[in-house]
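Below is one structure, written out as structure tokens, with a few remarks after it.
What follows is calculated from the coordinates using simple rules that are stated; it is not laboratory data. Computed from a prediction, not measured in an experiment: that's the story for all the values here. Methodologically, a virtual Cβ is constructed for each residue, glycine included, from the backbone with ideal geometry; neighbour enumeration extends over all protein chains shown.
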């Protein structure tokens, strides 16, 4: 029968609908729909550098000039940013309920390859490492700006995941606020630490290694598993085995290893689910709260193979029709 599973990180419940559970392979036919752009019109392709804002930095061939061909990873301001630099974080109160502030922030794009038709799951290891070095460099640069509290690093793959350009890219946003979802996860970790004297996330890793049912793969320093109380099918967690709350503390060698783990995980999802649309998000502690002993940075990958319907919208309780243990087994074998 179906069961409620408690998400200890967010204090939410999720329904694992075993009564109407689907086999993991039933989702294989749901392939990523192509985004609406074409290579000829794509501003991210090599030779189109003048179609984007000037680059912040790029990894490029020696002797090539900024904003010209010769790069293999390029970081630029988003031409249509959700937030822009306003230098004003003052809150304006109409009354005690209606509060606003200017949309102050930084919104950048990491163009992952000059090749329009590449995707991270199929890139060679070296290219994915270079992407993750760019993630690390820009994350550190933004974390040093005192006016911003939190940094969201994410990748949308496929039209169903919200991307309008199919050229491989990720985005990074610095904000002067810490979102409530992040606050709830930090508070849950803090409460657990106060009661038990250890990191909740480190304990979750111990549980997954002991039970082995939901592990997809491991490396020396990272573990990948299906989350026990997954909101959606194939809700995949990639987390360091060592304790760290701040992503900017990752070393160059750890960054290389993480790139390989993510590449292989995405390749498993690509093979198992026929190139699904997905969102990939990095969760790390706020920039003003570094080195928390009760929080642990991690990456989550959410394949967009199921729809949120009225029950989820009305209750906030998600229904997952793929048992996480079955999803993990399916990905292990992919």
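For the stretch 117-204, the relative contact order is 24 percent, taking Cα pairs closer than 8 Å that sit 6 or more residues apart in sequence and dividing their mean separation by the residue count. In terms of its C-alpha gyration tensor, the stretch 109-218 comes out oblate, because a/c is 1.5 or above while a/b does not outweigh b/c. Here residue 42 and residue 178 are evaluated by their C-beta separation; at R0 = 35 Å the FRET efficiency comes out at 0.50. Both radii were evaluated on the Cα set of the stretch 44-185; the Rg over Rh quotient, with Rh as the Kirkwood radius, amounts to 1.02.
From the P(r) of the chain, could you give the percentage of C-alpha pairs in the tail past 28 Å?
On the way: 24775 of 55611 pairs.
Considering the chain, 45 percent of its Cα-Cα pairs are separated by more than 28 Å.
Scattering from the stretch 191-258 was approximated by placing one identical point on each alpha carbon and applying the Debye formula without solvent; log10 I(q)/I(0) at 0.17 1/Å stands at -0.70. Considering helices alone, the calculated mean residue ellipticity of the chain at 222 nm is -8000 deg cm²/dmol, with DSSP H runs of length four and up weighted by -39500 (n - 2.57) and normalised per residue. An ellipsoid equivalent to the stretch 228-328, defined through the eigenvalues of its Cα gyration tensor, has semi-axes of 27, 19, 11 Å when rounded to whole angstrom and sorted largest first. The mean sequence separation of alpha-carbon pairs under 8 Å and at least six residues apart, normalised by the residue count of the stretch 235-334, gives a relative contact order of 38 percent. The ranking of 178, 163 by Cβ neighbour count inside 10 Å, starting from the fewest, reads 178, 163. Mean separation of Cα pairs under 8 Å and 6 or more residues apart, divided by the residue count, gives the chain a relative contact order of 23 percent.
Against the empirical 2.2 N^0.38 Å scaling, what ratio does the C-alpha Rg of the stretch 173-304 come to? Please report the intermediate quantities before stating the final value.
Details: Rg = 14.8 Å, N = 132, 2.2 N^0.38 = 14.1 Å.
With N residues counted in the stretch 173-304, Rg over 2.2 N^0.38 Å equals 1.05.
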